[in-house]
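The values are calculated or read from the model by the stated rules, or taken from the named source; none is laboratory data. What you see is a predicted model, and the numbers here were worked out from it, not measured in a lab. Here the Cβ positions follow ideal geometry from the backbone for every residue, glycine too, while neighbour counts run over all protein chains shown. For accessibility, only protein heavy atoms count, side chains too; no ligands or nucleic acids. Shrake-Rupley method; radii C 1.70, N 1.55, O 1.52, S 1.80 Å.
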Amino acid sequence: MAISAIGVIFSNMHEENVPELVRRRTMASIPYGGRYRIIDFALSNMVNSGITKVGLMTSNNYRSLIDHIGSGKDWDLARKEGGIILLPPFSEKHDRLYTTRLEALNSLQGFLNHSNENYVVLMDCDGVAKFDVADIVAYHESKNADITLVTHEREIARKSDFMTVATDEEGRVNEIKLSPHVAKGEKVNTFINVMVVNRQFLLNLVEDSVTHGFTSFEGDVLVKQLNSLKIYAYEFKNYYAGIDSMSAYYKHNMELLNKEVRDELFGDRDIYTKVRDSAPSKYGEDAIVKNSLISDGCEIEGVVENSILFRGVKVEKGSVIRNSIVMQDNIIGQNTTLDCVITDKNVVVSDKKTLGGCSSLPYYIPKGTRL
C-alpha cells in the first residue's frame, strides 16, 4: 500500500568516517554483507513501505553507484512516473557543490516543488537496518509533528560527528547535543540520520533558513529552533549497524555470521540489490568452509573460516582465510594466509603471503591492488 511520501537519499554524507572505502565510490555504494551495497537497505526500506518516488542526491565519485542502481528495476523503481530520480548536487540558483546538509536540502527545492506527496522521508547511507517507513510516517502523523527524527540507543565507539536526542514523556524532543563527550562504552540515544518532514514545511523551513544566512541544519535549525518547532523522536529498537569507522564496518559485517542478526535484517521483508546471473560457487576436494557467507561465482580450494566472500572470489590451494572480508573478483594465491583483512574489489594476493590485522584495526587492501 502506497503512502503519501517521497524519499530522498543522500549518498555522500559522512564519508570522512571511512576514507579508505570511499576513495573511488560514494558512501552509498560501499559493498556490504557479501552481495549488497549500503544503499540497498535504504532503497528497500522505502520500496517495502510503498514509496515509489525516490530522489538520489550525489556529490562525487558516483559512477559505481549509478552502475549499481541502473534504471532502478531491481527495486521496482523503473517507472514512467516517479521511480528513482538522480538529483544534481547543486541548486538551480548556484553551481557549486553542497558542503552541508542545509545546502543539500536547499538544492532539493525543484524536486520537492514538483511533488504532491505530503511527506518527505530523508535518509543517509551511514547505517544498515530494516525500517518500517510506513510506521514512522504514521507516528509522525499521529504526533502532528513538523519533523520526526529516528533515534537508536547505541554505544559510540569513537569520537565522531553524532547527535544525541532526549525527549519528554510524549516523545517530543526537548534536548539535542551535537558531538557531546561520551564515555567509552556508554549508551546514548542518537539520531541515526533518518527523518520524516512535512514536504511544504520543509520547503518553507529551508527557504527561511537560507535567507537568514544559516549554514547548519543541525545547529541552526534543529538546536536553535528546538522550542518553536514540533520535533518528535521515533525510537528504533531493532538491529542497527552504524558505519562510522573502518572497525565498525568490519564489526557489523562480521555480525552477519550470527544467524539471529541475519534473520532480523533479512527475514520477513526482502532487501533488494542488483541481480547478477552468476554461476553457483564451486568447492574443491580439499576445500574447508566454516561459519562463512559465500556469494555466487566463487571458486574455493583452500580454507575459509568466519569470513565473508563476495561474488567471484577465487581461493587457491593451501590458502587460509579467517575473520576476513574479501570483496568481489579477488584472487587469493596458493599458500596465502589472511586474518582480519578487508580486501577491496579486484585485489590479487599472490602466493605465499601472510597478511593480518585485528578486529579493532583490520588490515585494508585498496581496490585493484596486486600484492
For this session: For the chain, give the magnitude of the charge dipole about the Cα centre (Cβ charges: +1 Lys/Arg, -1 Asp/Glu; no others), in debye to the nearest 20.
Result: 940
Seminar exercise, completed: In degrees, nearest 10, the alpha-carbon axis of helix 246-255 is tilted away from the dominant principal axis of the alpha carbons of the chain by 70
Exercise. How much of the accessible area of the chain, probe 1.4 Å, is carbon plus sulfur, in whole percent?
Worked result: 45
For this session: Provide the FRET efficiency to the nearest 0.05 for the residue 181-residue 360 pair, computing r from the beta carbons and using R0 = 30 Å.
Result: 0.90
Seminar exercise, completed: The simple spin-label model distance between residue 282 and residue 141, using points 7 Å out along Cα→Cβ, in nm, is 5.4
Exercise. How high is the relative contact order of segment 146-300, in percent, counting Cα pairs under 8 Å that sit 6 or more residues apart?
Worked result: 24
Seminar exercise, completed: Here, residue 251 and residue 208, labelled 7 Å along Cα→Cβ, have an inter-label distance in nm of 3.9
Exercise. What are the residues whose amide H is under 5 Å from the amide H of residue 234, where those residues sit 5 or more places off or on another chain and H is modelled from the backbone?
Worked result: 149, 150, 151
For this session: Taking only Cα atoms and a 10 Å spring cutoff, compute GNM fluctuations for the chain and point out the largest among 138, 166, 104.
Result: 138
Exercise. If you wrap a convex hull around the C-alpha atoms of segment 222-371 and split its volume per residue, what is the figure in Å³?
Worked result: 153
For this session: Given a cut-off of 24 Å, name the pairs among 177/259; 73/251; 251/290; 130/290; 290/353 whose C-alpha atoms lie farther apart than that in the structure shown.
Result: 177/259; 73/251; 130/290
Problem set entry | Rounded to 5, percent antiparallel among DSSP beta bridges of the chain | 35
Seminar exercise, completed: segment 155-290: Kirkwood hydrodynamic radius (Cα pairs, Å) comes out at 18.9
For this session: Provide 177, 259 ordered by accessible surface of protein heavy atoms (probe 1.4 Å), highest first.
Result: 259, 177
Problem set entry | For segment 250-329, diffusion coefficient by Stokes-Einstein and Kirkwood Rh (Cα), 25 °C, 0.890 mPa s, µm²/s | 184
Problem set entry | Contact order normalised by residue count of the chain, Cα under 8 Å, 6+ apart, percent | 14
Exercise. Regarding segment 27-86, what is the average projected area of its C-alpha convex hull, in nm²?
Worked result: 4.0
Exercise. Taking a 1.4 Å probe, which of 62, 98 shows the most accessible area, and what order do the others take after it?
Worked result: 62, 98
Exercise. How large is the dipole of segment 56-198 about the Cα centre if only Lys and Arg carry +1 and Asp and Glu carry -1, each at its Cβ, rounded to the nearest 20 debye?
Worked result: 500
Problem set entry | Given charges at Cβ of Lys, Arg, Asp, Glu: segment 237-371 dipole, positive-most of 328, 349, 359 | 349
Problem set entry | Radius of gyration and Dmax over the Cα atoms of segment 210-279, both given in Å | 19.3, 58
Problem set entry | Residues of the chain: accessible area per residue with a 1.4 Å probe, Å² | 45
For this session: With runs of 4+ DSSP H residues as the only contributors, calculate the mean residue ellipticity of the chain at 222 nm using -39,500 (n - 2.57) per run, divided by the residue total and rounded to the nearest 500.
Result: -5000 deg cm²/dmol
Exercise. How far is helix 199-211 tilted off the main Cα axis of the chain, in degrees rounded to 10, range 0 to 90?
Worked result: 80
Exercise. How far is helix 39-48 tilted off the main Cα axis of the chain, in degrees rounded to 10, range 0 to 90?
Worked result: 60
For this session: Would you please state the base-10 log of I(q)/I(0) at q = 0.06, 0.11, 0.15 1/Å for the chain, with intensities from the Debye formula using one equal scatterer on every alpha carbon?
Result: -0.24, -0.78, -1.33
Exercise. So which residue, out of 74, 339, 277, gets the largest mean-square fluctuation from a GNM of the chain using Cα contacts under 10 Å as springs?
Worked result: 277
